[in-house]
Structures are given as C-alpha cells and as structure tokens.
Amino acid sequence: MADEDKEKTDESRRRFIKNTGMIAGGVVGGSLFGGLLTSQFQDDSDTQTSNNEATQNLQEARTFFSRKEDFDTLQAATERILPKDDDGPGAIELGVPFFIDKQLSGSWGTNAKAYMKDPFYQNKQTYEYQHKDTKQDKSGPNTSTQAPSRTPRYQTRLNRGDIYLQGLRKMNEVSQKKFDNKFTELEADQQDDVLQAFDNGEIDMRGVAGITFFNLLRQMTLEGAFSDPVYGGNRNMMGWKMKEYPGPRMSYVNELESDAFVKKEPKSLRDFQS
Amino acid sequence: MAKKLDKVDVVVVGTGWAGGVISAELSKAGKKVVALERGEKKNLEDYTGVKDELRFMNRFQMMQDLSHETITSRNTMDEQALPVRTRDEMMAGTDTGGGGVHWAGAVYRYPPYDFEIYSKTAERYGKDKIPDGMTIQDWGITYDEMEPYYDQFEKTAGISGEEDPLGPERSNDYPNPPLLESRPVRLFKDAAEELGYHPYQVASANVSQQYENPDGETLNACMYCAFCHYYGCDFGAKSDPLMTVIPTAQKTGNFELRTQSYVRRVLYDGGNKANGVMYVDTETGQEFEQPADVVVLAAFTFTNNRLLMLSEIGKPYDPESRTGVIGKNFNGQMNITFLGARGFFEDRKFNLYAGAGALGGTMSDFAADNFDHSDVDFINGGAIEIRQYGEGAITSNRVPKGTPNWGSEFKKNANHYAYRNLNVWYTAANMSWYHNYMDLDPTYKDDFGDPLLRVTNKYTDQDRNIAKFGIEKCTEIMENMGADIIDADDIPEEFDHMYQGGHYAGGVIMGDDPETSAVNNYLQMWDVDNLFVVGGSAFPHFPGHHPTVTIGSLAYRASEGIEKYLKNGGQLLKGKQEA
C-alpha cells in the first residue's frame with residue numbers, strides 16, 4: 001500500500017470509528033478495522049460521514065484519552081465484550097467507549113472516593129487476591145442487586161484511569177507478541193484470544209494484575225451499555241430497548257401485580273427534569 | 001486549639017436509626033440533644049428526580065467516602081492487614097439518616113433462641129454442641145423483654161407485614177398490611193408450601209398504605225418503583241430516619257443536628273464518666289469540644305469500636321489470652337451467609353424491573369433453633385428468602401453457569417434471561433469466634449493520622465456447614481418452583497474481604513457479665529456510667545435475620561436507660577459477678 005493510500009485508509013477509518021454505531025461487529029469475516037477496509041467501505045464511510053454530520057453527537061469527543069490509538073483500542077475491545085449481532089447493537093453503537101472516556105476523566109477515574117494512602121503492597125498476598133477471586137461475582141448479599149462483576153481487592157497505587165492507559169497499551173503489546181500486529185488490526189478471534197489471556201489472569205502488568213484491568217473493562221462496558229443515557233452510553237436508550245427495560249418511573253404498581261410480562265417503551269432521567 | 005462549646009444533656013454520634021431514635025426520644029423528653037453526623041445534610045429532596053442506577057448502585061453515592069477513612073482487613077492474626085480501598089468492597093452508609101436511608105427495609109424480629117443462645121443450645125444439646133473457640137453468649141436480655149421495644153419501633157416505622165406462622169409471640173399485629181404479592185413471590189410461597197413449609201410475606205419498611213406514625217409523621221404508600229435498596233426513597237414511602245425520627249426530634253425544639261462533624265475522640269480521662277466528644281468541622285477544619293452529661297455512640301459498628309479504642313475506653317480484647325472485651329466477637333452477614341440457588345426459567349418472564357427493597361417471601365422453618373440440630377454439624381439457622389428488589393438494566397446481566405463472561409453468547413443469554421431468573425437464598429446466622437475481632441491497625445491511618453480499625457475474620461466449619469445446608473434447601477425449593485436451569489451457589493473457601501451488605505456487628509457487645517461484655521442491656525458501658533454505645537456493635541453474634549429492627553428497638557431500650565440515668569445517675573444494672 002502506498003503511503004498516500006495508507007493515509008487515506010487511516011483517515012476513513014477514523015471517520016468510520018468516529019461515526020461509531022454503524023458497523024461494529026459482524027463486518028467481513030468478523031474483522032472490525034483489520035486493515036481490510038475495502039474501497040467499497042471507504043466510499044461508504046465517506047458518504048455516511050456527511051450524512052450523519054447533522055445528527056452527530058457533539059459530546060462524542062475524548063475528555064480522558066489523549067492518544068487516539070488508546071481510544072481505538074478501547075473501542076475495539078469493548079466491541080468484543082458486547083459485539084453487535086442479531087441480538088442488537090454492540091458497545092460502539094451504544095456509545096460505550098465515550099461513556100468510559102467520560103467516567104475516567106471524573107471522580108471514578110481518579111479514585112476520588114477511594115482510600116489511596118500508602119503503603120501499597122505488591123506481595124504474594126495481593127497477587128493472589130487479584131488472581132484467585134474469580135467467583136466474587138457470585139458471593140455476597142449484593143449478588144441479587146448488583147451487576148455481576150468480579151471485584152478483586154483493589155491494592156494498587158494506580159487509579160482507574162492509570163489502569164486503563166497501561167492496560168490498553170499492554171493489550172497492544174500482547175497483540176504484537178502473539179500475532180505480530182496491533183490489537184485493532186487483529187481478526188476478531190485473535191482479539192478475543194488477547195482479551196481471554198487478560199481474563200484468565202495470564203497477563204502481568206506493572207503494579208496491577210491484567211485481570212484487574214479486564215474486570216474493570218468488562219464492568220464498565222456493561223455500565224456504559226445499560227446505564228441511563230445521561231452518561232453518554234446506552235445511546236438513544238438502545239441498550240434498554242434491547243433488554244426491554246422500561247427505565248426509571250414513578251410507579252410500577254400495575255406491572256408488579258401483572259402475571260404477564262408488560263413491555264413498555266423506555267423513559268429516561270431526562271423525563272424527570274421538569 | 002479546640003473550641004469548647006456549652007454543655008448539653010446528650011450528645012449523639014451518628015444519625016442513622018440508632019442515633020435517630022435516641023435523638024427523638026430524648027428531645028421529646030425535654031432533654032437538649034446535639035447529634036453529630038460526619039456526612040452531609042440530606043432530606044427527601046436529595047433523592048427526588050435521581051432514579052439513577054449507575055450513580056447509586058455502581059458508584060455508591062450514599063456510601064461513606066473512603067478517601068478519608070476506611071478499615072483494614074485480614075483473615076488471620078499473623079497476616080498483614082490490607083485496607084479496604086474502594087466502595088465496591090465496602091458498604092457503610094453516610095450522610096443524615098446513615099444506612100437507614102439506603103436500607104432495603106426487610107424486617108425480622110430476632111427469635112427468643114438468639115437472645116439466650118448459649119443457655120438454650122446447652123440446654124437442648126449439651127455444652128459439647130458448642131465447639132471450643134466459639135464465643136457465643138447470652139445477650140443479657142430476653143425476647144420477652146425486647147418485645148415492647150420491637151412493637152414501638154414497628155409502629156414508628158409503619159412496618160407492613162403479616163405474622164410469621166412460626167414466629168415468637170407478638171403483643172400487636174404489624175401496623176400495616178403486607179406489600180402486594182408479585183408472581184415470583186407467589187411462586188416461591190406455593191413451592192415452599194407444597195414442601196410442607198410455612199412461607200409468609202417479608203415484613204417491610206416499604207409502607208403498603210399511607211400511614212401516620214405515633215409521632216405524627218406521615219409515610220406514603222410504596223409505588224414499587226424499584227429504586228429502593230441503595231437509594232433514598234423519592235416518595236417518602238420507605239420508612240427511614242429522614243421521614244420519621246429526625247423530623248420528630250426537630251419538632252421538639254430541643255434538638256440540633258450538626259452535619260460534616262467528624263468525631264475523633266470521646267473526651268475521657270479515666271474514671272467512670274465521659275466528658276463529651278471532640279470533633280472536627282470538615283468544612284473549616286475547626287476542632288470543637290462538645291461537653292455533655294451523656295455521650296451516645298450510635299455510629300456504624302466500625303466507628304463505635306474505633307472511637308472507644310482511640311479514646312482508650314474499656315479493656316481492649318486480646319485474642320491470644322482471650323481476655324478483654326472491646327473489639328471482641330466481630331460478626332456479620334458475610335458473603336458466605338447469603339448463599340442459595342438461582343433458577344433460570346424458559347417459559348416464564350417476570351416483571352423484574354418492578355419491585356421494592358423488602359418485597360419478598362420468606363420462611364422460618366430452618367431459622368434459629370426451629371429445627372432439630374442433633375444430626376447437623378452446626379448450630380443456629382436462617383431465613384429462606386426470595387426478594388424482588390426490582391432491577392435496573394446494569395444489574396440484570398445474569399447468565400447460567402457455563403456461559404462465557406463476555407462476547408456474543410454472554411450478550412445473548414444476558415438479554416434472554418434478564419426477566420427469567422429468580423434467586424432464593426439462606427440468610428444464615430454467623431457465630432462468633434475468639435479469632436474474629438477488631439483492633440487498631442499498626443500501619444494505616446486516616447486523614448488526621450489516627451490509626452484505622454483493623455478487622456481479623458475468617459470462616460469456620462460452622463459457616464461452611466450451615467451454608468451447605470442452606471444451599472441444599474434453597475435448591476430444593478427452586479426445583480419445586482419449576483426452574484429449567486438451577487445454579488446452586490458455591491461455598492467460598494475463605495472470607496474475601498468484601499464488606500458488602502452493610503451488616504457487620506460486634507465489638508461492643510452486650511451481656512450480663514462485665515468480664516465478657518462491654519455494655520449492659522441498656523447499652524450502657526459497664527466501665528463508664530454516662531456512655532451508651534448503641535447499634536449493631538452490641539450484637540454478641542449475628543442471628544440469621546437482617547439486623548435493622550433489632551438495632552432500632554435496642555435504641556428505644558437505650559433511650560429509656562438514658563432517661564433513667566439522667567434522673568438517678570450511676571450504673572443502671574448490676575453485673576452478674578457482682579450480683
């Protein structure tokens with residue numbers, strides 16, 4: 001590929017990603033952005049860009065990630081966790097990557113309400129906590145009220161934002177080592193392979209376990225897909241529609257008493273702002 | 001330099017149910033009461049228009065800000081304890097009303113057995129049934145003595161329920177009828193009944209109809225909106241201190257609430273009197289001394305224990321010699337005490353987006369000593385419960401075992417089963433052991449340089465055996481409910497330092513012997529006549545039911561004691577050994 005062509009490809013890929021939603025999973029052979037963007041694709045994406053400009057969400061710009069490459073990696077990873085398929089939209093279409101970006105630039109990302117005083121021990125004990133506790137999504141009085149996300153003890157001096165930056169770059173490192181290419185350039189099953197290595201606790205990072213990063217990534221992908229759209233994810237309540245979740249309402253007395261499942265069009269917090 | 005304030009009759013640390021009840025009762029009795037709350041000032045308006053799962057359930061808006069102070073945790077005495085750093089691992093309420101605002105509202109009286117657990121166990125099975133190292137004891141009060149306080153609390157909170165067919169005697173019915181019966185709850189009850197058990201509707205602080213309590217406070221009827229447990233109620237339909245005892249105290253004109261007031265010490269210079277408390281205004285950094293005739297510690301278990309230890313009051317518990325009291329018998333509803341079975345249904349779809357914190361079915365057939373323990377390798381028991389909290393969309397991502405954790409198959413199953421899964425669990429009791437306790441951490445400090453509280457806690461065979469028993473019973477019921485896939489919970493190997501659920505207790509335990517208890521049954525310190533320590537910290541072990549009404553009822557008992565003390569002074573009761 002000539003340099004000029006490469007530039008063109010990159011440019012259109014960026015627009016394509018920026019446009020989010022439209023494609024995501026299920027593209028040719030399951031590859032998302034795999035350097036396989038055909039000319040047809042490029043044409044399409046140009047057209048789509050201009051078509052979508054009018055409705056483009058002006059909030060969709062990065063507030064935490066500065067390197068575009070990190071954000072691209074994030075997008076690709078979240079899309080593997082919740083892929084677009086016959087069942088409904090995937091993470092990108094739902095706005096999950098922007099949700100995560102915004103969360104990380106706020107108090108959650110900086111661990112504002114967490115105890116972050118020294119000393120932080122990186123010893124056998126903390127290593128085991130991070131690697132062993134795979135069933136923590138099944139334990140505890142909150143199993144019935146909280147999203148099933150594993151919660152290993154948090155014993156790192158890194159805040160959540162730091163963990164993401166290091167984790168996403170580590171993903172590229174692992175991708176290079178395993179498949180000799182960047183994460184975003186891999187086939188879907190290769191991407192899954194890389195993520196699975198993190199999920200299995202096989203990847204060590206500096207100051208934190210790879211599995212801790214993966215758990216955080218998985219948790220926030222679900223949060224982005226299904227939280228109120230006010231946070232930038234669950235775009236147009238598509239996550240809720242997919243799940244038939246009706247959103248926050250003043251009363252569910254009638255539905256509670258009904259034996260049949262009652263499906264309702266969702267409402268959001270926006271409906272409470274009067 | 002601390003600024004010294006004018007003396008008041010009573011200073012109360014904490015504004016949850018315990019501090020709220022005491023503030024209301026004593027200000028009604030004409031005493032000048034100051035309550036100190038480290039969190040922010042809140043009222044109903046703070047919880048209106050914010051039905052937001054992410055904010056409350058996943059970002060823990062109503063929980064303690066751990067950046068200033070937390071606890072450390074370890075399993076055994078020879079381990080290095082590590083801080084519980086994030087709110088994912090910790091659940092302690094903060095702000096006005098404390099944990100009483102985010103609570104689910106499930107109401108259970110503790111049965112007679114638990115108040116006299118040592119005597120009754122020894123009597124029925126012999127002393128050998130209680131293993132060496134299990135440090136259970138009688139509470140120094142009986143169910144019959146507690147009954148009037150339970151009755152009083154239930155009326156204040158407008159509890160909505162029906163009588164437990166296997167429950168202890170009551171002087172009155174609940175003040176309100178039970179909540180509506182949803183399809184999942186009915187399914188549970190039918191299945192349990194068919195098996196010969198005695199199911200009934202969980203009694204609830206989510207109020208079933210509009211109700212005015214004896215103090216003249218009005219509660220509304222629950223709308224089953226599902227934003228309940230972890231949230232403040234936006235409709236005044238969940239009984240909490242903000243809707244009841246705090247406004248009651250405020251109306252008297254004798255009550256002052258100071259928020260963002262972080263108490264660091266009980267002012268104590270030995271002897272049998274405390275002089276007041278020292279606190280910091282966290283907005284300005286100004287230190288204050290608040291003198292008082294009576295000091296009431298009514299904070300969360302962790303804070304009650306820590307304040308006594310930092311103030312060097314009472315004899316700290318030493319696990320090596322098994323002597324001393326403060327910090328002894330740490331107990332609570334750990335992760336192992338809520339195990340059961342989750343069922344997935346192919347042809348039934350429930351309206352699980354609707355619900356209320358305490359909406360559910362329960363049964364006491366395997367609670368306390370309601371069944372014969374001769375042939376089982378544990379003592380005590382628990383409720384078997386189904387609960388329909390109502391679920392947000394983030395929560396409802398449960399999949400049957402064997403489904404991958406992420407990817408297309410996960411997504412497919414999470415969507416498919418979102419409204420097709422139900423959970424039944426056993427709220428097993430948690431016994432006390434000599435090796436489970438609290439002391440001050442040698443390494444980690446709070447913002448002011450004071451040591452954090454350290455918890456040492458591990459599971460025992462008792463815990464694993466009772467959990468196994470419960471899982472089997474829950475699985476049996478779930479099978480009868482007709483689930484197509486049943487995932488029985490696994491028993492965790494060891495306590496995993498997840499302080500979720502907010503039900504942690506002990507350390508300032510009650511009893512009738514000053515050698516083995518810190519407070520008498522008025523929750524008055526044996527060592528310090530004008531110091532009352534109220535809350536879950538008084539539980540010598542954790543019975544197999546949720547704790548809140550017992551804490552509220554003990555607060556009524558303590559209020560009575562404080563009034564008596566203000567009148568006559570001195571120790572209200574004689575310790576067993578002096579008797």
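The values are calculated or read from the model by the stated rules, or taken from the named source; none is laboratory data. This structure is a prediction, so every number in the text was calculated from the model and none was measured. Note: ideal-geometry Cβ built from the backbone for every residue, glycine included; neighbour counts use all protein chains shown. Note: accessible area is taken over every heavy atom of the protein model, side chains too, but ligands, DNA and RNA are not part of it. Shrake-Rupley method; radii C 1.70, N 1.55, O 1.52, S 1.80 Å.
Ordering of A:87-97, B:490-500, B:29-39 by packing is A:87-97, B:29-39, B:490-500, highest average first (other Cβ atoms within 10 Å, averaged per residue). In whole angstrom, note down how far apart the Cα centers of region B:523-579 and region B:349-426 are. One Cα centre to the other: 35 Å. Of the DSSP H helices in chain B, those that are both long (alpha-carbon extent of 27 Å or more along the helix axis) and hydrophobic (Kyte-Doolittle mean at least -0.5) are B:548-568. Average accessible surface for the protein assembly as shown: 35 Å² per residue, computed with a 1.4 Å probe over protein heavy atoms with every protein chain in place. Annotation: lysines with alpha-carbon distance below 29 angstrom to residue B:576 (same-chain offsets under eight excluded): B:120, B:127, B:129, B:273, B:315, B:328, B:564, B:567.
Using C-alpha pairs below 8 Å separated by at least 6 residues, the relative contact order for chain B is 22 percent. Projecting the Cα atoms of B:267, B:117, B:575 onto the dipole axis of the protein assembly as shown, where Lys and Arg carry +1 and Asp and Glu carry -1 at the beta carbon, places B:267 farthest toward the positive end. Using the Karplus relation 6.51 cos²θ - 1.76 cosθ + 1.60 with θ = phi - 60°, the per-residue 3J(HN,Hα) values for region B:268-274 come to 8, 10, x, x, 9, 9, 9 Hz, with x marking Gly and Pro.
Averaging 1/r over every pair of different alpha carbons in region B:162-282 and inverting the result gives a Kirkwood radius of 18.5 Å.
Counting protein heavy atoms only, region B:449-561 has 39 percent of its accessible area on carbon and sulfur, 1.4 angstrom probe. Amide H contacts of residue B:444: B:452, each under 5 Å away and 5 or more positions distant or on a separate chain (H built 1.01 Å from N in the peptide plane; Pro and chain starts excluded).
Looking at region B:282-380, the trypsin sites (Lys or Arg not before Pro) that sit in a DSSP loop and have at most 16 other Cβ atoms within 10 Å of their own Cβ are B:322.
Of the whole protein surface, residue B:62 contributes about 10 Å² of accessible area at a 1.4 Å probe radius.
Along region B:539-545 the Karplus relation, 6.51 cos²θ - 1.76 cosθ + 1.60 evaluated at θ = phi - 60°, assigns HN-Hα couplings of 6, x, 8, 10, x, x, 9 Hz to successive residues, with x for each Gly and Pro.
First select every other residue whose beta carbon is under 14 angstrom from the beta carbon of residue B:408; then total the charges, Lys and Arg +1, Asp and Glu -1. Local charge sum for residue B:408: -3.
Shielding of peptide B:52-64 by partners, expressed as the average count of other chain Cβ atoms within 10 Å per residue Cβ, is 5.
Take each residue of peptide B:413-424, count the partner chain Cβ atoms within 10 Å of its Cβ, and average: the result is 3. Search the structure for amide H atoms under 5 Å from the amide H of residue B:323, placed 1.01 Å from N in the peptide plane, and list their residues when 5 or more places away or on another chain. Those lying under 5 Å, H to H, from residue B:323 are B:318.
Both radii were evaluated on the Cα set of chain B; the Rg over Rh quotient, with Rh as the Kirkwood radius, amounts to 0.95. Take every DSSP beta bridge whose two residues both sit in chain B; close to 70 percent of them are antiparallel.
Per residue of peptide B:350-358, the mean number of Cβ atoms on other chains within 10 Å of the residue Cβ is 6. If the viscosity is 0.692 mPa s and the temperature 37 °C, what translational diffusion coefficient in µm²/s does Stokes-Einstein give for the protein assembly as shown when Rh comes from Kirkwood over Cα pairs? D = 118 µm²/s. A Cβ-based charge dipole, computed about the Cα centre of chain B with Lys and Arg at +1 and Asp and Glu at -1, lands at about 1180 debye.
The packing ranking, built from the mean of other Cβ atoms within 10 Å per residue, places the peptides B:512-520, B:169-177, B:374-382 in the order B:512-520, B:374-382, B:169-177, highest first. Size descriptors for region B:227-318, from the alpha-carbon set: Rg then Dmax equal 16.4, 49 Å. For the listed residue pairs B:28/B:251; A:243/A:267; A:241/A:267; A:170/B:401; A:241/B:411, the alpha carbons are over 19 angstrom apart in A:170/B:401.
Spatially, region B:256-275 and region B:1-62 are offset by 16 Å when compared through their Cα centroids.
Database remark: amide H of residue A:93 closer than 5 angstrom to the amide H of A:21 (H placed geometrically; neighbours at sequence offset of 5 or more, or on other chains; Pro and chain starts carry no H). In region A:239-259, burial by the other protein chains removes 50 Å² or more of accessible area from A:243, A:245, A:250, A:252, A:253, A:256, A:259, compared with the chain on its own (1.4 Å probe, ligands and nucleic acids ignored). Protection proxy ranking of B:155-165, B:295-305, B:2-12, by the mean of other Cβ atoms within 10 Å over each peptide's residues and highest first, is B:295-305, B:155-165, B:2-12.
Dipole magnitude for the protein assembly as shown: about 1600 debye, using +1 per Lys or Arg Cβ and -1 per Asp or Glu Cβ, origin at the Cα centre. For the chain pair B and A, buried accessible area totals roughly 7500 Å², probe 1.4 Å, rounded to the nearest 100.
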